[in-house]
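Student: If you scroll down you'll find the structure; I have some questions about it.
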Amino acid sequence: MAMRRWMAGATAVALLAGCGSPATKPLFTADPRLPAPETAGFDPAGLGDDYFPTAGNGGYDVSSYDLNLRYDPATGRLDGTAAITATTARDLTAFHLDLHGLTVTRADVDGTAATTGHDGDELVVTPATPLTTGQTFVTTIGYGGTPSPIEDRRFGSGGFFRTRDGAVAMGEPASASTWFPVNDHPRDKAHYTIEVTVPDGLAAISNGVPAGTSSKGGWTGWRWEVTAPMAPYLAMLAIGKYRVTTGEHDGRPLVTAVADTVRGDDAQQALARTPEITDFLAQWFGPYPFDAYGGVVVDDERIDEALETQTRPIYPASTFRRGPDTVTVAHELAHQWFGDSVSLTRWRDIWLNEGFATYAEWMWQEHEGDGTVRERFDRLYRHDDSRIWSVPPGDPGRGGLFSDSVYQRGAMTLHALREQVGDDTFFAILRTWATAHRDGNATTGDFTNLAEKLAGRPLGGFFDAWLYQTGRPAM
Ligand SMILES: [Zn+2]
């Protein structure tokens, strides 16, 4: 997500602890503050994320979602079928899915009718026959209703928004459950096929590779295929009147779309640089991890944040109001490596997404002749009364998930690491990180271990001061 540049984001209390001393701190082998996921216990209604305990569901792992949706902008009604293939991690007499504000009309497991019940946003599915450990099963859920976003006091709203001529679905940390039943935590990544049927004349854009359209009786189905595993919050929909551009880059499809109410061509100009910016980032981070490119500019005043939705980031029209801004584009494209391909295991490690994407912004700005990375680092470092020193980016608190510290001090942590280990080792760390965890999940402990391994020396004190302590680390 792009940083809310003009908002106060920090909510943690300043403790002004002293800085870590590299010489006396033990080797940073693992983050001791949280039990490993597998020891956190089994909860059918959550995955044990310490910031969002009820996010996702325990007991199974989804491998694919096959979504077949029909949306009528005239009424705001969504009807859908979700065929979800999953494998159990234990014996289950019932399992949960996350589903917000929609009603289930039918459910089966492997073709046999199952019973369902709702407990708030938890959908509980009870198959006719209990599932056994290691069993792969397909549950098919028919559902419908008038979707609405999830309102959160801290994060604003996210999810399915009805717009003047269609809809937009997006949001972090949660949005998917507003338009399909889902195991809604980044730890459970899956493949997706998304087919959306809308009235003729409207576009229905989603993630991944376009797999054709088909028209019948005044309605058009748009089909999309996501072949690399995707975290649920990175699934997106944009339905409405859009200027859609299709092309190819590096042998892979490039699909961009701009809401037809967006005036001028600044947005289109900025999106047209997507291949160039991606190639720039690939020089430093290694090969682009996905099989499609793109971006969508939406026009609805409730959506004021860009989001790195996989292969096809969403940008609010306001991003390009002052010209063809490419800094936000660079940020969201950097997330394709950091956040989308290498995904969080737990939300507290959000700096692995936002710190890295912010650092990529700085690199792109330097490339564009708009100040150097070091100048940006120095300017932020000089502010000793800044809020970023009171919030440790490695554990910003649930309310601080999108705080300035996560973005800026997160990026500064990377630059300080670069100064510690030198350019060659630093970029080897970033490339190895992207390659080793491609299409997977990882933690801050995984990153610090990798950095130590490639640097060939302990960096525990360094990372502790930058990520976990309040107060400005010594340079
Ligand atoms: Zn971001």
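Student: So Ile141 passes all but one of these: (1) under 27 Å from Arg346 (Cα atoms); (2) touching a residue at least 60 places away in the same chain (Cβ under 8 Å); (3) not charged (D, E, K, R). Which condition number does it fail?
Tutor: With (1) under 27 Å from Arg346 (Cα atoms); (2) touching a residue at least 60 places away in the same chain (Cβ under 8 Å); (3) not charged (D, E, K, R) applied to Ile141, the lone miss is (1).
Student: How many of the residues in segment 339-368 are in a helix (DSSP H, G or I) and either at pLDDT below 95 or aliphatic (A, V, I, L, M) (or both)? Talk me through it step by step, then tell me what you get.
Tutor: Here is the first cut: in segment 339-368, the residues in a helix (DSSP H, G or I) are 347-349, 351-367.
Filter again for either at pLDDT below 95 or aliphatic (A, V, I, L, M) (or both), leaving 352, 357, 360, 363.
Qualifying residue count, segment 339-368: 4.
Student: Now for a different question. Can you name the condition, by its number, that Gly410 falls short on among (1) away from the ligand (no atom under 14 Å from the Cβ); (2) within 27 Å of Pro232 (Cβ to Cβ); (3) in contact with a Pro (Cβ under 8 Å, 6 or more places away or on another chain)?
Tutor: Among (1) away from the ligand (no atom under 14 Å from the Cβ); (2) within 27 Å of Pro232 (Cβ to Cβ); (3) in contact with a Pro (Cβ under 8 Å, 6 or more places away or on another chain), Gly410 violates only (1).
Student: Which one of these does Thr328 not meet: (1) of a type in the set (S, T, N, Q); (2) within 11 Å of the ligand (Cβ to nearest atom); (3) free of Cβ contacts under 8 Å to residues at least 40 places away in the same chain?
Tutor: All conditions pass for Thr328, except number (3).
Student: Further question on the same structure: Can you name every one of the strands (runs of 3 or more DSSP E) wholly within segment 80-199 that holds 2 or more residues which are surrounded by fewer than 24 Cβ atoms within 10 Å (Cβ to Cβ)?
Tutor: Working: elements: 95-98, 103-109, 115-119, 122-126, 136-145, 150-152, 156-162, 167-170, 190-199.
Those strands (runs of 3 or more DSSP E) span 103-109, 115-119, 122-126, 136-145, 150-152, 156-162, 190-199.
Student: Moving to a separate point now. What residue, of Asp279, Asp291, Asp250, Asp300, is of a type in the set (D, E, K, R) and more than 30 Å from Phe426 (Cα to Cα)? Give the steps one after another, and end with the answer.
Tutor: On the way: Asp279 fails: more than 30 Å from Phe426 (Cα to Cα); Asp291 fails: more than 30 Å from Phe426 (Cα to Cα); Asp250 fails: more than 30 Å from Phe426 (Cα to Cα).
Answer to the check: Asp300.
Student: Within segment 447-460, which residues are buried (at least 20 other Cβ atoms within 10 Å of the Cβ) and assigned to a helix (DSSP H, G or I)? Please lay out each step first, then the result.
Tutor: If we filter segment 447-460 for residues that are buried (at least 20 other Cβ atoms within 10 Å of the Cβ), which is where we start, we get 447-448, 451-452, 459.
Passing the criteria: Phe447, Thr448, Ala451, Glu452.
Student: Hey, any hits in segment 208-229 for a residue that's crowded, with 24+ Cβ neighbours inside 10 Å, in contact with a helix residue (DSSP H, G or I) (Cβ under 8 Å, 6 or more places away or on another chain) and not assigned by TED's automatic domain parsing to the domain that holds Ala434?
Tutor: Looking only at segment 208-229, we keep the residues that are crowded, with 24+ Cβ neighbours inside 10 Å, and these are 208, 224, 226.
Subset that is in contact with a helix residue (DSSP H, G or I) (Cβ under 8 Å, 6 or more places away or on another chain): none.
No; the residues of segment 208-229 include none that is crowded, with 24+ Cβ neighbours inside 10 Å, in contact with a helix residue (DSSP H, G or I) (Cβ under 8 Å, 6 or more places away or on another chain) and not assigned by TED's automatic domain parsing to the domain that holds Ala434.
Student: Which ones in segment 311-325 are assigned to a loop (DSSP other than H, G, I, E, B), away from the ligand (no atom under 13 Å from the Cβ) and surrounded by 23 or more Cβ atoms within 10 Å (Cβ to Cβ)? Outline the logic, then answer.
Tutor: Of the residues in segment 311-325, the ones assigned to a loop (DSSP other than H, G, I, E, B) are 311-313, 321-325.
Restricting the remaining residues to those that are away from the ligand (no atom under 13 Å from the Cβ) gives 311-312, 321-325.
The answer is Thr311, Arg312.
The values are calculated or read from the model by the stated rules, or taken from the named source; none is laboratory data. These numbers come from a predicted model, not from an experiment. Don't worry about glycine lacking a Cβ; one is built from the backbone with ideal geometry, like all the others, and counts go over all protein chains shown.
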